Structure formats: C-alpha cells, structure tokens
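S.K.: Sharing a structure with you now.
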Amino acid sequence: MAEIEAHARAGRPLSPHLQIYRVTMTMAMSIAHRITGAALYFGMILLAWWLIAAASGPNAYAKFEWFISSLIGRVVLLGYTWALLHHMLGGIRHLIWDTLHGFEPAEREMLAAATLIGSIALTIVLWAIGYLTMGGAR
Amino acid sequence: MTAPRHIVTPMRRVRGLGAARSGTRDFWHQRVTAVALVPLSIAMIVIAMSLMGRSYAAVAQILGSPLVAILVLLFVAASAYHMWIGMQEIILDYVHEDKLKLLSLMANAFFCAVAALACAFAVLKLSFGV
C-alpha cells in the first residue's frame, strides 16, 4: 500500500485494475471461483449449525429444520449447493492447469464454460433428486 | 573480484523461501486439501441429502455412526484448513493497511479454528453419545 500511495503522490500511472479490461469468460469464472470460495467460507456456519443442532437435541434440530425448509433457508441452501459445485469444478480446473494442461485458448474457454454449465446442471440434478425423494416442498 | 550483486546470502537464495519464509507451502497445502475435498465434498452431499427430511432420531444416529462421522470429520478438517489459506489469500490481496491486515488475518484464523472445533465436537458428541 505504501508503494501504491507513493506512486499516486508522485503522479505516476498505476497498474490498471479489473474495470479496465473487457470481461471474458475465463475472467468471470476466476472471479466466481473467489466469490464462491468466500461464500462457502461463511457457509461453514450453516454446516456447524446443522451438526450442533443434531448434537444438541430434538428442539434445537427442529429450529434448524424450520429455517432450512423456509423460503430463505432454501434459497441459502440452493446457493450453497451451487457455490460448492462451482468451486469444486473450478478447483478441478485449477488442478488440470497445475499439470500444465488446458492453457490453449479453446481449452481455456471450454474449461470455463464447463465450470459454469456443469455446476448449474449438477445443482438442478441434485435438487431434482432431493425433491423427488423427499416428496417435494413440505 | 566483483562486488556482490545483492545482499541475500547464497543459502537464503537456494532455500528459495521468499519474504514469507514459508516458500510454496500454502500453495502446496491448498492443492493437497483441494484434492482431498473433491471426494469428501461428494460424500458430504450424499450424506446431507440422505438425511434431509428424516426424523431427528435417525439423523442423530446416522451422523454419529462411525463411517459417516469419520467422513464428516475429514471434510471439516480439510475444509477448515483449505478455507483458512483461501481467505488469507483474499485478505492479502485486498487489505493493505497494516493493522487491519493483521486483525483480518487473526480473525480468519479464529473463525476457521472455531468452525472446525464446533463441527468436530458436535460430530464426536453424536458418535460417543454422551
């Protein structure tokens, strides 16, 4: 920061930030990877609530069930599902890159699209299974 | 004899640990936990989906059964470490003011430790049934 401030004071140009670049698919998925990661970070509170409620007793668990079956709870859980799947697929993409594969332009675009389409498709499939096996909204 | 081009000792250079003194440790550990979290997350989704809508007694019993409890504990441990490194990365990218950076890094460590311990304690309590 001190460096940036010194540059700004001296009136020197700074390295441009995100808003100056044309948005590309790979860029959007990179940002999405970070945002879903941060969302999952706070999603840990939901997992902790679930486990603590189950360990605390029927009353505490009933409160969790009330929340998770409410509209807000479902929206949060849907977001959690998509964030987890997107971050997982994005992570697999990064692991592929770590092996030095998938860097060609077409491959990059394909992997970025696969992350988005794959995560949305898997979310729909999982929720469809959930609703079918649990007899829909109750 | 020419003057040394920099003041870093050859030992320091060859170790290549950089300014953070930890080299690529965070990078590597983030990969190890990521690989672990792929099957563990899938297991977690299967566990959560098969428990949704079940009675309290069934949920408590299944979550406490050894195989399920071990998988949840592994998921929690790998997640806590993975999200600790990940959020640290985000903080170091965006928080530049020294005091705020230090406090954010501490808060990150506390959050991950508390989340991991809370989840682990709950699962162990269900398992040992006390």
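Just so you know, all these numbers are worked out from the coordinates, no wet-lab data involved. Computed from a prediction, not measured in an experiment: that's the story for all the values here. Positions of Cβ are backbone-derived with ideal geometry, glycine not excepted, and every protein chain shown enters the neighbour counts.
S.K.: What's the center-to-center distance, using Cα atoms, between the stretch A:82-132 and the stretch B:27-81 in Å?
M.R.: Between the Cα centre of the stretch A:82-132 and that of the stretch B:27-81, the gap is 20 Å.
S.K.: Determine the relative contact order of the stretch B:25-128: mean sequence separation of Cα pairs under 8 Å and six or more apart, normalised by residue count, in whole percent.
M.R.: Once normalised by length, the contact order is 38 percent.
S.K.: With only alpha-carbon atoms in the gyration tensor, what are the semi-axes of the equivalent ellipsoid for chain A, in Å, largest first?
M.R.: One finds semi-axes of 38, 23, 13 Å for chain A.
S.K.: With labels modelled as points extended 7 Å from the Cα through the Cβ direction, what inter-label distance (nm, one decimal) is found for residue B:106 paired with residue A:104?
M.R.: Rounded to a tenth, the inter-label distance reads 5.2 nm.
S.K.: Follow-up question, since we're still on this one. Take the Cα of residue A:60, step 7 Å along the line toward its Cβ, and report every residue of the stretch B:101-125 whose backbone nitrogen sits under 12 Å from that point.
M.R.: Residues B:118-125 fall inside that zone.
S.K.: If you place +1 on the Cβ of every Lys and Arg, -1 on the Cβ of every Asp and Glu, and leave all else neutral, what size is the dipole of the stretch A:68-138 about its Cα centre, to the nearest 20 Debye?
M.R.: Dipole about the Cα centre, nearest 20: 420 debye.
S.K.: Could you tell me which residue out of A:81, A:66, B:41 lies farthest along the dipole of the protein assembly as shown toward its positive end? Charges go on the beta carbon: Lys and Arg +1, Asp and Glu -1, centred on the Cα centre.
M.R.: After comparing all options, I get B:41.
S.K.: Please give me the summed charge of the neighbours of residue B:87: other residues whose Cβ is under 12 Å from its Cβ, Lys and Arg +1, Asp and Glu -1.
M.R.: That sum, taken over residues with Cβ under 12 Å, equals -2.
S.K.: What's the magnitude of the charge dipole for the stretch A:1-93 around its Cα centre, counting Lys and Arg as +1 and Asp and Glu as -1 at the beta-carbon? Answer in Debye, nearest 20.
M.R.: 220
S.K.: How much FRET efficiency would the formula 1/(1 + (r/R0)^6) give for residue A:78 and residue B:17, where r is the Cβ-Cβ distance and R0 is 35 Å, rounded to 0.05?
M.R.: Computed FRET efficiency for residue A:78 and residue B:17: 0.20.
S.K.: Oh, and also: What is the magnitude of the charge dipole of chain B about its Cα centre, with +1 placed on the Cβ of each Lys and Arg, -1 on the Cβ of each Asp and Glu, and no other charges, expressed in debye to the nearest 20?
M.R.: Roughly 460 debye for chain B.
S.K.: Further question: Two decimals, Cα atoms only, Kirkwood Rh: what is Rg/Rh over the protein assembly as shown?
M.R.: Here the Rg-to-Rh quotient is 1.05.
S.K.: Which whole-Hz couplings ³J(HN,Hα) result when phi for each residue of the stretch B:94-110 is put into the Karplus expression 6.51 cos²θ - 1.76 cosθ + 1.60, θ = phi - 60°, listed in order with x for Gly and Pro?
M.R.: These are the phi-based 3J(HN,Hα) values: 10, 9, 10, 6, 3, 5, 5, 5, 4, 5, 5, 5, 5, 4, 4, 4, 5 Hz.
S.K.: For chain A, modelled as a GNM with alpha-carbon contacts under 10 angstrom, which of A:81, A:99, A:123 fluctuates the most?
M.R.: Per the Cα network of chain A with a 10 Å cutoff, A:99 tops the list.
S.K.: Any idea which of B:58, B:30, B:73 is furthest toward the positive side of the dipole for chain B, if Lys and Arg beta-carbons carry +1 and Asp and Glu beta-carbons -1?
M.R.: Final value for the positive-end residue is B:30.
S.K.: Give, in nm to one decimal, the length gained when the segment between residue A:12 and residue A:27 is fully stretched (0.36 nm per residue of separation minus the Cα-Cα distance).
M.R.: My answer for the length gained is 2.7 nm.
S.K.: Suppose we take every Cα in the stretch B:15-130 and form the convex hull; what volume per residue is that in Å³?
M.R.: Given the Cα convex hull of the stretch B:15-130, per-residue volume reads 135 Å³.
S.K.: For the stretch A:1-90, state which trypsin sites (Lys or Arg not before Pro) are in a DSSP loop and have at most 10 other beta carbons lying within 10 Å of their beta carbon.
M.R.: A:22
S.K.: Using alpha-carbon pairs under 8 Å, 6+ residues apart, how would you state the relative contact order of the stretch A:67-138 in percent?
M.R.: For the stretch A:67-138, the relative contact order is 36 percent.
S.K.: Between residue B:90 and residue B:52, what is the label-to-label distance in nm when each label sits 7 Å out along the Cα-to-Cβ direction?
M.R.: According to this spin-label approximation, the distance is 2.3 nm.
S.K.: Which residue, A:86, A:101, A:33, tops the fluctuation ranking in a GNM of chain A built on C-alpha contacts under 10 Å?
M.R.: Among A:86, A:101, A:33, the largest mean-square fluctuation in the Gaussian network model of chain A belongs to A:101.
S.K.: Additional query: How far is helix A:71-98 tilted off the main Cα axis of chain A, in degrees rounded to 10, range 0 to 90?
M.R.: Taking the Cα atoms of chain A, the angle to A:71-98 is about 50 degrees.
S.K.: May I ask you to list the chymotrypsin sites (Phe, Trp or Tyr not before Pro) in the stretch A:35-106 that are in a DSSP loop and have at most 16 other Cβ atoms within 10 Å of their Cβ?
M.R.: A:103
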